[in-house]
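Okay, so here's the structure we're looking at.
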Amino acid sequence: MTSPPTCRWCGSASGDVVLDLGLQPACDDFPLPDDPPVMAHPLRLWACDRCGLVQLPDRSPAPREPRAVEPAALAAHARQSVAWVLERGLVSPGSTVREFGSPHGGSWAGPLADRGLRAVEDDDRPAETVVDVFGLMHEEDQRAGLHRRVAALAPGGLLVLVFPPLETVVSQGQWYAVRHGHHAYPSTAVAARQLAECGLAVVASSLHHLYGGTRLLAARRGALGGEPVRQVPDVSRAALSALAGGVRAGVAALRGHLEGQAAAGREVLGYGAASRAVPLLIAAGVGPDLLPGIADASPAKHGRLVPGTGIPVISPAELAAARPDEVLLFLPDLLEEVRAGIPGVERSGGRWRPVGSLLRASSAPLDGSMPRTER
């Protein structure tokens, strides 16, 4: 029997499951064709009544070694974000910085060093700037995780959090971005309240276009008169209900599209064997009969199967050689990169179709609009 959920931030046991994607395998567990079936685990979102944090209430399977190749869009995001903190005067060349990173890439270390900031290697030495790039969401104990980052700050230091805010997930209908190992999905408003509980005030905020809207929050201990977070409305329970309600329409649209293409004799392949492709394909019941292969830039994934689907992962060269009529792109941020890198798709008459366009076209508008980009 499963024990009742308790909040990863405030410890409350009062809340509701707002999204249930059933049993899902670990999305980074790519088996070989002869391997036994991968295990599946509950994948749900639970919203805390007390603090508002939306989170995974269940324990995730142990993460596997990441096999992904960092896309150009993620590297560009790091460069642009470092430029933003410098242009705002939030950090200065020559100052010290410590980074809490993510196993999925996106590190600011290179761009920070290029702009003259000095990395702190000693965990016991405080830094003038602490940067967390998609790292905090991997912490099972959210309060302890944020406290570790705050404790790494020198007096008067700056903490920068980078994360996909809940309002992006909701407004873009990105229910398929929920995955094992990403334990928390704070909205911008919730993240600002958590920082305040740790004694930090938000002094600057920006919404970058990566992943449909990635939040940057810069906060400083004891800051007075700094720029507050602009009025980004918190995500309502009605909006979360609409997100859950969009699952059925989205998977029906994806499966219907693939069945229609197959009936018309058109070959469709995929690109981007990413974590967000897994719950989408499983929920839609899509296997190799409808999608014979998904190409990926990571050689370590080639010859393996997308978890829980039986769909082979192929190389970009195999994709180009197949001359498909259509390529479903599971990571829309890669569009420019893959069009330039695999020109043969369009030269042979094929087209790239971001999968999100199918899902959004099938869904009713969700409650709440995208937050403004603050500069």
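Things to note:
- When GLN172, GLN142 are checked against the criterion of being in contact with a helix residue (DSSP H, G or I) (Cβ under 6 Å, 6 or more places away or on another chain) and not small (Gly, Ala, Ser), GLN172 stands alone in meeting it.
Residue by residue, here is whether (1) assigned to a loop (DSSP other than H, G, I, E, B); (2) modelled with pLDDT of 95 or more; (3) among the hydrophobic types (A, V, I, L, M, F, W, C) holds:
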{"position": "GLU99", "(1), (2), (3)": "no, yes, no"}
{"position": "GLY106", "(1), (2), (3)": "yes, no, no"}
{"position": "ARG125", "(1), (2), (3)": "yes, no, no"}
{"position": "VAL131", "(1), (2), (3)": "no, yes, yes"}
{"position": "MET137", "(1), (2), (3)": "no, yes, yes"}
{"position": "GLU140", "(1), (2), (3)": "yes, yes, no"}
{"position": "GLY145", "(1), (2), (3)": "no, yes, no"}
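- Criterion: acidic (Asp, Glu) and either closer than 21 Å to TYR211 by Cα or under 20 Å from the mean Cα position of the chain (by Cα) (or both) - qualifying residue of GLU337, GLU267: GLU337
- Here is the figure for the stretch 184-204: residues that are aliphatic (A, V, I, L, M) and either in a helix (DSSP H, G or I) or within 14 Å of ALA47 (Cα to Cα) (or both) total 7.
- Hits in the stretch 1-21 (condition: open to solvent by 30 Å² or more (accessible area, probe 1.4 Å) and out of contact with any Phe, Trp or Tyr (no Cβ under 6 Å at 6 or more places or on another chain)): MET1, THR2, SER3, PRO4, THR6, ARG8, CYS10, GLY11, ALA13, SER14, ASP16, ASP20
- Restricting the stretch 43-75 to residues that are outside any loop (DSSP other than H, G, I, E, B) and without any contact (Cβ under 8 Å) to a residue 40 or more places away in the chain, the residue that is most open to solvent (accessible area, probe 1.4 Å) is ARG44.
- Qualifying residue in the stretch 41-53 (condition: of a type in the set (A, V, I, L, M, F, W, C) and either over 30 Å from GLY11 (Cα atoms) or at pLDDT below 95 (or both)): no
- Single condition GLY181 does not satisfy, out of (1) closer than 23 Å to LEU21 by Cα; (2) in a helix (DSSP H, G or I): (2)
Yes/no per residue for (1) more than 29 Å from ALA127 (Cα to Cα); (2) not β-branched (Val, Ile, Thr):
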position	(1), (2)
VAL54	yes, no
LEU74	no, yes
ALA78	no, yes
VAL97	no, no
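- Some residue of the stretch 91-101 being touching a residue at least 40 places away in the same chain (Cβ under 8 Å) and surrounded by fewer than 17 Cβ atoms within 10 Å (Cβ to Cβ): no
- Elements of type helices (runs of 4 or more DSSP H) in the stretch 244-361, at least 2 residues being surrounded by fewer than 19 Cβ atoms within 10 Å (Cβ to Cβ) and of a type in the set (A, V, I, L, M): 316-322, 335-341
- Of all residues in the stretch 224-237 being in contact with a Leu (Cβ under 9 Å, 6 or more places away or on another chain) and either open to solvent by 40 Å² or more (accessible area, probe 1.4 Å) or at pLDDT below 90 (or both), the one that is farthest from VAL160 (Cα to Cα): ASP234
- Restricting the stretch 162-177 to residues that are touching a strand residue (DSSP E or B) at 6+ places or on another chain (Cβ under 8 Å) and part of a helix (DSSP H, G or I), the residue that is farthest from ALA192 (Cα to Cα): TRP175
- Subset tally (residues that are closer than 28 Å to ALA249 by Cβ and either in contact with a Gly (Cβ under 6 Å, 6 or more places away or on another chain) or buried (at least 21 other Cβ atoms within 10 Å of the Cβ) (or both)) for the stretch 22-37: 5
- Some residue of the stretch 202-223 being more than 24 Å from ALA76 (Cα to Cα), open to solvent by 40 Å² or more (accessible area, probe 1.4 Å) and of a type in the set (A, V, I, L, M): no
The values are calculated or read from the model by the stated rules, or taken from the named source; none is laboratory data. A quick note: this is a predicted structure, and the numbers were derived from the prediction, not measured. Counting neighbours? That spans all protein chains shown, and the Cβs are built from the backbone with ideal geometry, glycine included. For the accessible areas, the whole protein counts, side chains as well, though only heavy atoms, and no ligand, DNA or RNA atoms are used. Shrake-Rupley method; radii C 1.70, N 1.55, O 1.52, S 1.80 Å.
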